[in-house]
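The values are calculated or read from the model by the stated rules, or taken from the named source; none is laboratory data. Note that the structure is predicted; figures quoted are calculated from it, not measured. Here the Cβ positions follow ideal geometry from the backbone for every residue, glycine too, while neighbour counts run over all protein chains shown.
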Amino acid sequence: MGAVFLQHALKAPLWMGVDLFFVLSGLLITGILLDRKARGQSYFSHFYARRVRRILPPYVLLLLVSTLLFGSSWLPHWPWFAFFSTNIGLSLGSIGHDSLNVLWSLAVEEQFYIFWPFVVLWCSERALLWVAAALIVAAPVLRAIATPWFDSFWPIYYLTPFRMDLLAAGALLAIVLRRDRRALEPFYPLAIVGALVSLAILGWLHLSFPRFRAANTPLSNAALYSISLLLCTSIVVIALRGRGLVQRVLTNPMLVYVGTVSYTVYLIHLSVLYALWPLHLNRFVTAVLALAITLAYATLSWYGFERRLTRGPARRAVPAAAGTTA
């Protein structure tokens, strides 16, 4: 969440923050589904009921707040919002006020929820491992092939089929960890190297070829998001080790709390920024003020109704590090 907020508030080149969320989401959702499947308990009803309670109330509240702040320009586009397909709407044009553009990643997540529970239920863990690996390989190829279909890189960035490598990477980690909780231990040094190398490449591209991401070429669309995949997966592997400094950081009470309210923080933060920008304050003052208002809103939402609806403990450690929760 921190990376996404800094990207929007200070124009920092941290667009890969959402990619980290997708990897974590694939990990967590696949783990939940595998657990329910193994226990032989209610599967679909339990999963979808929890998703509805967690996602829908803050989502509806955001639309109400957006209407109060910025008007009802989103209403002509209501089908995109009603069917969690704002990523498709954005790929085709506009969905109303720009503060609602953050919902594209939630749409990707919801579309993942439509089919992935069936894949997990119908496949053995071994087959699921191969499915996840195939998606990781197929997504960049699909991005490269599809590039000529679009006038800009945004549809590649927004649409679910082109981002499935991130979700599949998280799913693959979940399957491996389910087989052996220590299976990732030998890969910890490689994860550190992967994170450093991918950061270096992304930094070099940003400084030397600032238009690389917007170039909308098969190379840029295939390679850039694969580098981000390496970075985000490496970070998750490092976090999963959960020892020493990493453990202390991820179990910090403040970070754990921010992780708990991160879904609502993600939903509302851009609306808060759009409400403050017309005041023409110093950008750092605006960022600090927006962060304070966003956290206050998320706290009120959590204690006001979200906590009761979720009927579960706050998420810990790795989700807190991720930032966004859908």
Q: Name every residue in the range 81-108 that is more than 20 Å from residue 18 (Cα to Cα) and either touching a strand residue (DSSP E or B) at 6+ places or on another chain (Cβ under 9 Å) or modelled with pLDDT of 95 or more (or both), in order of residue number.
A: 82, 83
Q) Where in the range 28-135 are there helices (runs of 4 or more DSSP H), lying fully within it, with 1 or more residues that are closer than 22 Å to residue 269 by Cβ, of a type in the set (S, T, N, Q) and free of Cβ contacts under 8 Å to residues at least 24 places away in the same chain? A) 44-70, 86-92
Q: Could you please let me know if residue 287 is of a type outside the set (Phe, Trp, Tyr), modelled with pLDDT under 90 and over 22 Å from residue 67 (Cα atoms)?
A: no
Q.
Out of everything in the range 155-197 that is basic (Lys, Arg) and assigned to a helix (DSSP H, G or I), what residue ends up being nearest to residue 242 (Cα to Cα)?
A. 178
(Q) Among the residues of the range 178-185, are any modelled with pLDDT under 95, touching a helix residue (DSSP H, G or I) at 6+ places or on another chain (Cβ under 8 Å) and among the small types (Gly, Ala, Ser)? (A) yes
Q. Which condition does residue 118 not pass, out of (1) among the aromatic types (Phe, Trp, Tyr); (2) under 27 Å from residue 38 (Cβ atoms); (3) surrounded by 22 or more Cβ atoms within 10 Å (Cβ to Cβ), if it passes all the others?
A. (3)
Q) Restricting the first residue to the range 206-222 and requiring it to be farther than 17 Å from residue 7 by Cβ and touching a residue at least 40 places away in the same chain (Cβ under 8 Å), which pairs with a second residue that is of a type in the set (Ser, Thr, Tyr) and surrounded by 16 or more Cβ atoms within 10 Å (Cβ to Cβ) meet a Cβ separation below 7 Å and a spacing of at least six or different chains? A) 216/147; 217/147; 218/147; 221/147
**Q.** Single unsatisfied condition, residue 64 versus (1) hydrophobic (A, V, I, L, M, F, W, C); (2) closer than 30 Å to residue 274 by Cβ; (3) surrounded by 19 or more Cβ atoms within 10 Å (Cβ to Cβ); (4) over 18 Å from the mean Cα position of the chain (by Cα)
**A.** (3)
Q: Test each condition in (1) closer than 20 Å to residue 272 by Cα; (2) buried (at least 20 other Cβ atoms within 10 Å of the Cβ); (3) among the acidic types (Asp, Glu) for residue 165 and report the one that comes out false.
A: (1)
Q: Could you please give the count of residues in the range 229-277 that are within 30 Å of residue 139 (Cα to Cα) and of a type in the set (Phe, Trp, Tyr)?
A: 2
Q: Kindly provide the set of residues from the range 25-50 that are modelled with pLDDT under 95 and within 15 Å of residue 263 (Cα to Cα), ordered by number.
A: 50
Q.
Any residue at all in the range 15-36 that's of a type in the set (Lys, Arg), farther than 24 Å from residue 233 by Cβ and touching a helix residue (DSSP H, G or I) at 6+ places or on another chain (Cβ under 8 Å)?
A. yes
**Q.** Residue that is nearest to residue 272 (Cα to Cα), among those in the range 75-112 that are hydroxyl-bearing (Ser, Thr, Tyr) and either crowded, with 17+ Cβ neighbours inside 10 Å or touching a Lys or Arg at 6+ places or on another chain (Cβ under 9 Å) (or both)
**A.** 99
